[in-house]
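Heads up, the thing below is written out as structure tokens.
Each reported figure results from applying straightforward, stated rules to the coordinates on display, with no laboratory input. Keep in mind it's a predicted model, so treat the numbers as computed, not measured. Using ideal geometry, Cβ is built from the backbone for each residue, glycine included, and neighbour counts are taken over all protein chains shown.
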Amino acid sequence: MTTEFQNLLDRLQQAEVDFVIVGGFAAMMHGSSLMTQDIDVCCDFSPDNLMRLMRALSDIHPVHRMTPNKVVLELTAKNCANLKNLYLDTDQGVLDCLSEVAGVGDFKQVRRVSQELEAGEKLFYVLSLDALIDAKTAINRPQDQLAVNQLKIIRGMKNSKSDS
């Protein structure tokens, strides 16, 4: 794991942001060799949680990367109510915050099918292998198809070890 990714995750955890790691980084945590350029998390989009997120990132200059002028992240209780996703660039890398995951559901459902895995000597909630396969299958981009194939092989290897 890159130092930047570890720093982003540590910041979220220290600020008590309620989140689950999903996407390509979750696949890597399960053993995938595919690389990713960002961290995708599914999080509680309540105003309190989003304000903790903003505070966690404030000194690493978060900006909305999908806006033409890279608008600085400035959340209020009022504008939080209208958000579904946040696609952010920071000094520590790209962080995508999702309120739901295709093929799995909203944050509560994602949290129910997550598990704790270690990254950088810390435990984080990560989408389970089966749920990650469901999500990647639902999204179905070419890179997701590659990930699904690899994740199914990893699942088969884990299942055969547990059968032994």
- Task: Report the charge-dipole magnitude of the chain in Debye, nearest 20, computed about the Cα centre from +1 at each Lys and Arg Cβ and -1 at each Asp and Glu Cβ.
- Result: 360
- Please give, to one decimal in nm, the separation of the simple spin-label points placed at residue 79 and residue 130, each 7 Å out from Cα toward the Cβ. 4.1
- Query: residue 46 versus residue 140, label points 7 Å from Cα toward the beta carbon: distance in nm?
  - Reply: 3.5
- Neighbour cut-off at most 10 other Cβ (10 Å), DSSP loop, trypsin sites (Lys or Arg not before Pro), segment 55-121: 84
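Taking all pairs of different Cα atoms in the chain, averaging 1/r and flipping that mean, what Kirkwood radius in angstroms comes out? Please list the in-between numbers first.
On the way: mean 1/r = 0.0616 Å⁻¹.
Mean inverse Cα-Cα distance, inverted, gives 16.2 Å.
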- Item | Cα lying deepest toward the dipole's positive end in the chain, options 86, 61, 15, charges on Cβ | 86
- Stretched out fully, how many nm does the piece from residue 122 to residue 102 gain, at 0.36 nm a residue minus the Cα gap? 4.5 nm
- Query: Once the piece of chain linking residue 13 and residue 152 is laid out straight, how much longer is it, given 0.36 nm per residue of separation minus the C-alpha distance between them?
  - Reply: 47.1 nm
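Is the C-alpha gyration tensor of segment 41-117 telling us rounded, prolate or oblate? Criteria: a/c under 1.5 is rounded; beyond that, a/b larger than b/c is prolate, otherwise oblate.
Numbers: a/c = 1.77, a/b = 1.56, b/c = 1.13.
In terms of gyration-tensor shape, prolate.
State the extension gain, in nm to one decimal, for the chain segment bounded by residue 37 and residue 3, taking 0.36 nm per residue of separation less the distance between their alpha-carbons. Working shown, then result.
On the way: separation 34, 0.36 × 34 = 12.24 nm, distance 1.28 nm.
Value of the extension gain: 11.0 nm.
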